[in-house]
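Only the coordinates and a few stated rules stand behind these numbers; no lab work does. Since this is a predicted model, take the numbers as computed values, not measurements. In this analysis, Cβ positions are derived from the backbone assuming ideal geometry, glycine residues included, and neighbour counts consider all displayed protein chains.
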Amino acid sequence: MSLFRTKSVEQSMADTDDPDHQLRKELGALDLIVFGIGVLIGAGIFVLTGTVAATNSGPALALSFLIAAVACALAGLCYAEFASTVPAAGSAYTFSYATFGEFIAWIIGWDLALEFTIGSSALSVSFSGYLQELLAGTPLEVPTELGSAANGWVDLPAMIIALLIMGLLIRGTKLSSRFNQVIVAIKLAVVATVIVVGISVVDPSNWVPFIPESRPTSGSEGGFLELPLITSLLGIEPAVFGVAGVIAGAAVVFFAFIGFDVVATTAEEAKNPQRDVPIGILGSLLVVTLLYAAVSLVVTGVQDYRDIDPDDAAPLASAFDAAGIEWMGNLISLGACIGLVAVAMILMMGQSRVAFAMARDGLLPRGLSRVHPRFGTPYRITAITGVVVAGIAGFVDLETLASLVNIGTLFAFILVSIGVAILRRTRPDLPRAFRTPLVYVVAVLSTLMCLYLMLNLPGETWVRFGIWMAVGVVVYFAYGRRHSRLGQEAAPEVSRSG
């Protein structure tokens, strides 16, 4: 039963007052909203729009974004209640510790490490792609050998930006927040320009048919590994486009919405988490959903989806280039370069906070939860995270990274959705500044939608996810279970009772 020992909400909150392992409360509601918008406007809008329009959804890309947004909104309501009730670092890890017990908490923490670390790596790679698009043909052009993990030796720009972000995060959360606010302002200006200019050159005929007719897919030689898992399980004939393509596209563009849960990981650093965290989560989701839908209509209206190169690292810029508006292409590339840095930064921060919480609980070496005496940040785990992110970004391609992030995020959403319903039953006495409306209905719908999106990811993604989680189980039994603070505190009591 030690696998399912729970850490009470009261104990989680008491840990936040430990002087050696205490994060500074420096963030307000605006900081959290901007963090949410900052992390949500990234690769999804600047990179995945072209890929999904060309291979899954066509002009119905906007519907794919809306389906993914609904799943995120349902999970976001559950996150908002949890984060306002248990405003401690760790997000879904901390929530799971209070509801499911230590082993499931470890699993979700290990899963979040996959989401945030791989996500930050993916965004560093996306930054590199747009930077190279911007520098192409100039004296600063990046050689192919140093600009791609897929076609060269290493992605050097991706590695450099990851290490610079690491340094910024070590310097302090408030400094990172101010940097993010500037970046978000630039990104919003670029996105607004894309929408306004794009409307003037949209050709409505490119939206016809809005949902392209379903057709058999080509290149399915890889069988189970390359096809969506639900296709293999149900024996469905593999196809692209149509309604199934729109849903499969939603599973891919879901990557665009990952990161709003980072707002929950910063709850311990919020000045008034009970009020500000729900505002940050739900406010940022609403803003970016509207922007995503508008941009997806623009990109498929400016350029026929059949003419979009699915392998293009900068499809939004290329769409305007094809329309003869090259200055827009340059502006988008510049905005993407700047904006993707903020997304990578916030995801890296999320990973450092989750690992910080796990180390504070003893499931990882406790020394990793030490905060910097001057900056008040978990500098040791942030440095390790930065080096790991840089290494992955330098040697792994974007497509592989994006799929892994999606499945990890959806799994976390499912556990949070179930957990908030369980905590309502087990601890009805807890003060809740935000209460999820129709909590049991929302929790069930969120779980089912997230599970369905998971099943629309390729089989090879499930295999990689399974391997990662198996490694996590080994690490838990080899280290985490024996060093758990909760377990060590319980041991003397067991001895006395014996």
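The table for this structure:
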{"read-out": "Cα-centred dipole magnitude for segment 269-361, charges only on beta-carbon of K, R (+1) and D, E (-1), debye, nearest 20", "value": "660"}
{"read-out": "Residue order, fewest to most beta carbons within 10 Å, for 271, 7, 187, 25", "value": "271, 25, 7, 187"}
{"read-out": "Helix axis angle, 102-135 relative to the chain longest principal axis, alpha carbon, degrees", "value": "30"}
{"read-out": "For segment 280-361: rounded, prolate or oblate by the Cα gyration tensor [a/c cutoff 1.5]", "value": "prolate"}
{"read-out": "Karplus-derived HN-Hα couplings along segment 160-165 (A = 6.51, B = -1.76, C = 1.60, θ = phi - 60°), whole Hz, x at Gly and Pro", "value": "5, 5, 5, 6, 5, 4"}
{"read-out": "Pairwise FRET efficiency - residue 326 versus residue 226, Cβ, R0 = 30 Å, nearest 0.05", "value": "0.25"}
{"read-out": "Sequence-distant residues sharing a close amide H with residue 364 (under 5 Å, placed H)", "value": "359"}
{"read-out": "For segment 66-186: span of alpha carbons on each principal axis (Å, largest first)", "value": "56, 35, 31"}
{"read-out": "Taking the chain and dividing mean pair separation by its residue count, relative contact order in percent (alpha carbons under 8 Å, at least six apart)", "value": "34"}
{"read-out": "Long-range lysine pairs (8 or more apart or interchain), the chain, Cα under 26 Å", "value": "6"}
{"read-out": "Which labelled figure in (i) 22, 55, 20, 3, 0; (ii) 18, 44, 34, 4; (iii) 25, 58, 17, 1, 0 is P(r) over Cα pairs in 20 Å bins from 0, in percent, once derived from the coordinates", "value": "(iii)"}
{"read-out": "Largest-first ellipsoid semi-axes for segment 331-473, taking √(5λ) over the Cα gyration tensor eigenvalues, angstrom", "value": "28, 24, 18"}
{"read-out": "³J(HN,Hα) computed for each position of segment 240-249 - Karplus, 6.51 cos²θ - 1.76 cosθ + 1.60, integer Hz, glycine/proline x", "value": "10, 6, x, 5, 4, x, 5, 5, 4, x"}
{"read-out": "Dipole-positive endmost among 231, 251, 3 within the chain (Cβ charges, Cα centre)", "value": "3"}
{"read-out": "Rounded D (µm²/s) - segment 319-413, Kirkwood Rh over Cα pairs, Stokes-Einstein at 4 °C, 1.567 mPa s", "value": "81"}
{"read-out": "Reciprocal mean inverse distance between Cα atoms of segment 406-451 - Kirkwood radius, Å", "value": "11.1"}
